[in-house]
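Asker: Handing you this structure, nothing more for now.
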């Protein structure tokens with residue numbers, strides 16, 4: 001009898017801890033899948049972040065040796081991750097495991113604050129599963145993963161700030177939204193969401209006196225990270241290039257896709273996703289409809305619906321509707337799924353016993369979850385990293401880039417400069433060599449945008465000045481996207497420059513069936529590739545370079 005109270009206390013403690021055990025299982029499940037694919041070849045966005053982060057660790061600021069339109073927050077985040085986990089493919093993907101795990105935890109906290117523990121676990125599990133979906137390119141370290149890492153806790157702070165009236169919550173919520181924007185420009189939609197909700201909440205409460213102070217406090221938090229970034233870019237001497245790429249060129253890039261093409265891409269993505277996630281969509285719609293009719297949850301449902309609307313605007317940036325853009329939508333969508341399960345449990349909606357409603361709700365979610373896992377079982381549990389990469393990215397040369405990089409790393413001098421005429425920045429990261437030009441993507445130079453020709457001439461000048469020891473020509477259509485116009489200076493210059501200064505030392509040839517053939521040194525000299533390929537050239541000795549006869 002003396003031990004009974006202690007036993008009851010212990011049992012009660014375990015019961016109170018069950019949500020944390022369930023959350024741990026969710027994290028372990030997703031972590032296991034990501035860990036299994038730790039060495040999957042990087043895709044080109046990952047290569048960009050990894051290379052830029054590698055340069056930062058060497059003391060070289062963004063936009064000095066690598067040009068791109070994205071804001072550099074993800075570069076710094078990847079640099080921090082590589083400082084902890086190493087400058088390897090595994091190091092980049094280990095960083096993603098940490099980022100994704102933290103976001104799952106933040107989704108749990110946000111849903112628990114808004115709804116209930118059950119809704120929190122359902123939301124966390126839904127987000128976890130969809131965030132690793134191949135449909136959303138969730139296995140790659142995309143900037144959108146870093147955007148939501150900051151946007152979700154910012155949303156939690158915004159809710160607390162508006163409900164409790166604490167201006168410190170509004171400031172730090174705005175600060176985190178500002179950091180989300182630095183990860184990638186699409187993070188601005190969350191900054192806008194916070195501002196719109198803040199005004200809406202102030203008008204709803206008729207608290208006009210405090211609204212101006214709240215907006216100022218929130219705005220100060222939002223703008224502070226970007227102001228600090230601009231000062232840092234000026235201090236590093238790269239502000240003019242930073243401004244050109246992240247504002248001037250980015251503005252041109254956004255206007256390249258027509259409305260009709262954009263909606264076609266949206267339809268393709270949504271129709272493909274419905275096959276896997278119809279159950280989640282059903283629960284999310286139920287959560288929205290039932291939440292709006294429940295008086296005690298109506299305002300919270302409006303909050304999540306508004307978040308979903310602004311998140312969708314982020315996926316529509318430039319009307320590209322790329323798979324990884326939809327990661328921005330997942331936190332709000334997961335909250336609606338959690339709310340749907342929570343509402344289905346309430347017997348007041350149905351003339352059924354409460355326990356039966358609870359069983360039906362949880363069974364519907366479990367069936368949706370299991371079906372998603374089953375549909376993606378080969379990606380999650382069977383395929384190797386190379387196989388997953390090939391199935392998802394098909395005719396993109398990400399596996400071929402690893403083979404080329406291995407050869408360059410073994411043969412090039414440690415301080416050698418290399419040039420890649422293509423859009424495969426992962427090669428610079430793999431080889432630990434600097435690019436001979438800051439133009440690490442070729443398609444920026446071939447797009448129908450006003451700066452294309454001047455960019456080509458600038459790239460030519462940078463390569464000629466650097467005299468790279470190795471030059472890699474990427475003959476994959478998906479590495480160019482846009483074919484250069486007939487009067488473009490780059491292709492003609494490349495043919496003449498390579499013929500005069502370089503000799504072929506490697507060919508990686510990919511057949512239409514996916515078979516990869518590779519040849520090095522003497523074996524590569526006379527080989528003519530039959531499929532899409534990457535060709536490696538080594539600079540001739542100065543004595544072997546032909547000169548014009550007088």
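The values are calculated or read from the model by the stated rules, or taken from the named source; none is laboratory data. Quantities reported herein were computed from a predicted structural model and do not represent experimental measurements. Cβ sites come from the backbone with ideal geometry, for glycine too, and all protein chains shown count toward neighbours.
Asker: Does the range 229-248 contain at least one residue that is at pLDDT 95 or above, assigned to a helix (DSSP H, G or I), under 21 Å from the mean Cα position of the chain (by Cα) and buried (at least 18 other Cβ atoms within 10 Å of the Cβ)?
Answerer: Yes, the range 229-248 contains at least one residue that is at pLDDT 95 or above, assigned to a helix (DSSP H, G or I), under 21 Å from the mean Cα position of the chain (by Cα) and buried (at least 18 other Cβ atoms within 10 Å of the Cβ).
Asker: Which residue, of 379, 429, is out of contact with any strand residue (DSSP E or B) (no Cβ under 9 Å at 6 or more places or on another chain), under 26 Å from residue 460 (Cα atoms), in contact (Cβ under 8 Å) with a residue 40 or more places away in the chain and buried (at least 17 other Cβ atoms within 10 Å of the Cβ)?
Answerer: 429
Asker: If you don't mind, there's one more thing I want to ask. Condition first: closer than 20 Å to residue 402 by Cβ and in contact with a strand residue (DSSP E or B) (Cβ under 6 Å, 6 or more places away or on another chain). Can you find one or more residues in the range 475-490 that meet it?
Answerer: So far as the range 475-490 goes, yes, one or more of its residues are closer than 20 Å to residue 402 by Cβ and in contact with a strand residue (DSSP E or B) (Cβ under 6 Å, 6 or more places away or on another chain).
Asker: Please go through (1) outside any helix (DSSP H, G or I); (2) touching a strand residue (DSSP E or B) at 6+ places or on another chain (Cβ under 6 Å); (3) farther than 19 Å from residue 398 by Cα for residue 498 and return the number of the only condition it doesn't satisfy.
Answerer: Here residue 498 clears every test but (1).
Asker: Continuing with this model, one more query. Of the residues 388, 420, 404, which is in contact with a helix residue (DSSP H, G or I) (Cβ under 7 Å, 6 or more places away or on another chain), on the phi < 0 side of the Ramachandran plot and not assigned by TED's automatic domain parsing to the domain that holds residue 504?
Answerer: 388
Asker: Among (1) assigned to a loop (DSSP other than H, G, I, E, B); (2) over 23 Å from residue 493 (Cβ atoms); (3) over 21 Å from the mean Cα position of the chain (by Cα), where does residue 396 come up short?
Answerer: Single failed check for residue 396: (3).
Asker: Can you tell me which condition residue 295 does not meet? The list is (1) surrounded by fewer than 19 Cβ atoms within 10 Å (Cβ to Cβ); (2) part of a loop (DSSP other than H, G, I, E, B); (3) touching a helix residue (DSSP H, G or I) at 6+ places or on another chain (Cβ under 6 Å), and all the others hold.
Answerer: (3)
Asker: If you don't mind, another one. When you scan the range 268-298, how many residues do you find that are under 20 Å from residue 204 (Cα atoms) and free of Cβ contacts under 8 Å to residues at least 24 places away in the same chain?
Answerer: Of the residues in that region, 5 qualify.
Asker: May I pose another question? If residue 401 meets every condition in (1) in contact with a strand residue (DSSP E or B) (Cβ under 8 Å, 6 or more places away or on another chain); (2) in contact (Cβ under 8 Å) with a residue 60 or more places away in the chain; (3) farther than 18 Å from residue 37 by Cα apart from one, which number is that one?
Answerer: Residue 401 satisfies every listed condition except (3).
Asker: Still on this structure, I have one more. When the residues of the range 468-492 are filtered to those that are in a loop (DSSP other than H, G, I, E, B) and at pLDDT 90 or above, which remaining residue is nearest to residue 529 (Cα to Cα)?
Answerer: 476
Asker: Please go through the range 95-115 and give me each residue that is crowded, with 19+ Cβ neighbours inside 10 Å and farther than 24 Å from residue 74 by Cα, ordered by number.
Answerer: Selection gives 111, 112, 114, 115.
Asker: Is at least one residue of the range 301-310 under 14 Å from the mean Cα position of the chain (by Cα), assigned by TED's automatic domain parsing to the domain that holds residue 181 and either crowded, with 19+ Cβ neighbours inside 10 Å or assigned to a helix (DSSP H, G or I) (or both)?
Answerer: No - not one qualifying residue is present in the range 301-310.
Asker: I've got another one for you. Has the range 319-327 got any residue that is in a helix (DSSP H, G or I), in the same structural domain as residue 184 (by TED's automatic domain parsing) and either at pLDDT below 90 or touching a strand residue (DSSP E or B) at 6+ places or on another chain (Cβ under 8 Å) (or both)?
Answerer: yes
Asker: From (1) modelled with pLDDT of 95 or more; (2) surrounded by 15 or more Cβ atoms within 10 Å (Cβ to Cβ); (3) within 22 Å of residue 97 (Cα to Cα); (4) touching a helix residue (DSSP H, G or I) at 6+ places or on another chain (Cβ under 6 Å), pick out the condition that doesn't hold for residue 48.
Answerer: (4)
Asker: Considering only helices (runs of 4 or more DSSP H) fully contained in the range 118-228, which possess at least 1 residues that are out of contact with any helix residue (DSSP H, G or I) (no Cβ under 9 Å at 6 or more places or on another chain)?
Answerer: Answer list for the range 118-228: 143-164.
Asker: Looking for something touching a helix residue (DSSP H, G or I) at 6+ places or on another chain (Cβ under 7 Å) and crowded, with 21+ Cβ neighbours inside 10 Å - is there at least one such residue anywhere in the range 13-20?
Answerer: No, because not a single residue in the range 13-20 is touching a helix residue (DSSP H, G or I) at 6+ places or on another chain (Cβ under 7 Å) and crowded, with 21+ Cβ neighbours inside 10 Å.
Asker: Can you say whether residue 175 is closer than 24 Å to residue 245 by Cβ, surrounded by fewer than 22 Cβ atoms within 10 Å (Cβ to Cβ), assigned by TED's automatic domain parsing to the domain that holds residue 223 and free of Cβ contacts under 8 Å to residues at least 60 places away in the same chain, as far as the supplied structure shows?
Answerer: no
Asker: Just a yes or no: is a residue in the range 325-332 in contact (Cβ under 8 Å) with a residue 12 or more places away in the chain and over 19 Å from the mean Cα position of the chain (by Cα)?
Answerer: Looking for residues that are in contact (Cβ under 8 Å) with a residue 12 or more places away in the chain and over 19 Å from the mean Cα position of the chain (by Cα), one finds none in the range 325-332, hence no.
Asker: Same structure, new question: Being surrounded by 12 or more Cβ atoms within 10 Å (Cβ to Cβ) and either touching a helix residue (DSSP H, G or I) at 6+ places or on another chain (Cβ under 9 Å) or at pLDDT 95 or above (or both) is the filter here, so list the residues in the range 357-369 that pass it.
Answerer: 357, 358, 360, 361, 362, 364, 365, 368, 369
Asker: If you don't mind, there's one more thing I want to ask. Would you check if residue 287 is at pLDDT below 95 and at negative phi?
Answerer: yes
Asker: Those residues that are surrounded by fewer than 16 Cβ atoms within 10 Å (Cβ to Cβ) and either under 25 Å from residue 529 (Cα atoms) or within 26 Å of the chain's Cα centre (by Cα) (or both), I need them from the range 448-467; list them, please.
Answerer: Within the range 448-467, 448 is the sole residue that qualifies.
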